[in-house]
Amino acid sequence: MNTLKLFPNCFKKTGWLIFIPSLILGILSLTDILNLPEVSLPVFYNSGFPLSNEENGLFKNTEIAIFPNLFGILIIIGGVLVGFSKEKIEDEYISSLRLKSVFWSLIVTYSIILILFLTIFGSLFFTAMILIMFLPLVLYVFRFNYLLLKK
Amino acid sequence: MKNTIKIERAVKNITQEDLAKKIGVSRQTINAMEAGKYVPSTVLALKIAKHFDKKVEDIFELENED
């Protein structure tokens, strides 16, 4: 009866344990509450920034804000595990809730992006875009679980 | 679409949870169908009818707006 390919249910709990802490830490790392160091590491590809004198190209060393990067990676891994693991009983109604939640999160995300395109210019726009990358997944996870729990 | 799942359930005196387990769906699914918020697939409608020893038409009924 069910056709969606999803991870087994046991991954969902693991997902929550990764997703929630990394989401909180990720949000905190945007503020000045956490004072996180930058580390110089070799990366696969460094495109450099304007006015920086670092070498561009493959396998170059660059200064990385390691913790925000790590939190971002963990938000994605945790979010995927939560959002794409089966429920205990995964049936057709649950699939319809998934569709509704994905639809809802895309509409909300692109409405926000549209507003940002129309209103914000300059470097804040790019900062906002980096944060917006996480929004569809985060909104989907919360919306889907809200619909599941709602009576 | 209207359905009489709630009534059939009351006749048999079983909870949403019991019915869900017997048919192999989640409790939310039964709840959503009873509230008229979800129209089940043909497979699920047939399973429900079979569980109550009735025809699908006895449990599910079209409404004017369908």
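The values are calculated or read from the model by the stated rules, or taken from the named source; none is laboratory data. Remember, it's a predicted structure, so these values are computed and weren't measured experimentally. With ideal geometry, Cβ positions are generated from the backbone for all residues, glycine too; neighbour counts draw on all protein chains shown.
I need the full set of residues from the range B:36-66 which are closer than 14 Å to B:Glu8 by Cα and of a type outside the set (Asp, Glu), in order please.
Listed by number, the residues that qualify are B:Ala45, B:Lys47, B:Ile48, B:Ala49, B:Lys50, B:His51, B:Phe52, B:Lys54, B:Lys55, B:Val56, B:Ile59, B:Phe60.
Within the range B:13-58, take every residue that is among the small types (Gly, Ala, Ser), outside any helix (DSSP H, G or I) and closer than 15 Å to A:Ser96 by Cα and give me the one that is farthest from the other protein chains (Cβ to nearest Cβ).
Filtering first and then ranking leaves B:Gly36.
Any idea which residue in the range A:1-58 is farthest from the chain's Cα centre (by Cα), counting only those that are farther than 30 Å from A:Ser95 by Cα and of a type in the set (Ser, Thr, Tyr)?
This residue is A:Ser52.
Assuming A:Gly122 fulfils every condition listed in (1) assigned by TED's automatic domain parsing to the domain that holds A:Asn35; (2) more than 19 Å from A:Phe11 (Cβ to Cβ); (3) among the small types (Gly, Ala, Ser) apart from one, which condition is it?
(1)
Here is a check on your reading of the model: is B:Ile7 outside any loop (DSSP other than H, G, I, E, B), more than 24 Å from A:Lys86 (Cβ to Cβ) and either β-branched (Val, Ile, Thr) or more than 14 Å from chain A (Cβ to nearest Cβ) (or both)?
Yes, satisfied.
In this structure, is A:Gly48 among the small types (Gly, Ala, Ser) and in contact with a helix residue (DSSP H, G or I) (Cβ under 9 Å, 6 or more places away or on another chain)?
No; evaluated as a whole, the condition is false for this residue.
Considering only residues that are among the aromatic types (Phe, Trp, Tyr) and loosely packed, with under 14 Cβ neighbours inside 10 Å, which ones fall in the range A:1-35?
none
With surrounded by 14 or more Cβ atoms within 10 Å (Cβ to Cβ), part of a helix (DSSP H, G or I) and within 12 Å of another protein chain (Cβ to nearest Cβ) as the only criterion, which of A:Tyr140, A:Tyr93 stands out?
A:Tyr93
State all residues of the range A:1-37 that are among the hydroxyl-bearing types (Ser, Thr, Tyr) and at pLDDT 95 or above; if no residue qualifies, say none.
Passing the criteria: A:Thr14, A:Ser22.
Can you tell me which residues in the range B:20-30 are at negative phi, more than 9 Å from the chain's Cα centre (by Cα) and not hydroxyl-bearing (Ser, Thr, Tyr)?
B:Ala20, B:Lys21, B:Lys22, B:Ile23, B:Val25, B:Arg27, B:Gln28
Taking A:Thr62 as meeting all but one of (1) at pLDDT below 95; (2) closer than 26 Å to A:Leu25 by Cα; (3) out of contact with any Asp or Glu (no Cβ under 7 Å at 6 or more places or on another chain); (4) not aliphatic (A, V, I, L, M), write down the number of the exception.
A:Thr62 satisfies all of (1) at pLDDT below 95; (2) closer than 26 Å to A:Leu25 by Cα; (3) out of contact with any Asp or Glu (no Cβ under 7 Å at 6 or more places or on another chain); (4) not aliphatic (A, V, I, L, M) except (3).
Condition first: in contact with a helix residue (DSSP H, G or I) (Cβ under 9 Å, 6 or more places away or on another chain), within 14 Å of chain B (Cβ to nearest Cβ) and among the hydrophobic types (A, V, I, L, M, F, W, C). Now tell me which residues in the range A:96-121 satisfy that.
Of everything in the range A:96-121, just one residue is in contact with a helix residue (DSSP H, G or I) (Cβ under 9 Å, 6 or more places away or on another chain), within 14 Å of chain B (Cβ to nearest Cβ) and among the hydrophobic types (A, V, I, L, M, F, W, C), namely A:Leu97.
Yes or no: A:Ser85 surrounded by 14 or more Cβ atoms within 10 Å (Cβ to Cβ), at pLDDT 95 or above, within 14 Å of chain B (Cβ to nearest Cβ) and out of contact with any Pro (no Cβ under 6 Å at 6 or more places or on another chain)?
In short, no.
Any residue at all in the range B:26-39 that's surrounded by 15 or more Cβ atoms within 10 Å (Cβ to Cβ), without any contact (Cβ under 8 Å) to a residue 40 or more places away in the chain and of a type in the set (Lys, Arg)?
Taking every residue of the range B:26-39 in turn, at least one turns out to be surrounded by 15 or more Cβ atoms within 10 Å (Cβ to Cβ), without any contact (Cβ under 8 Å) to a residue 40 or more places away in the chain and of a type in the set (Lys, Arg).
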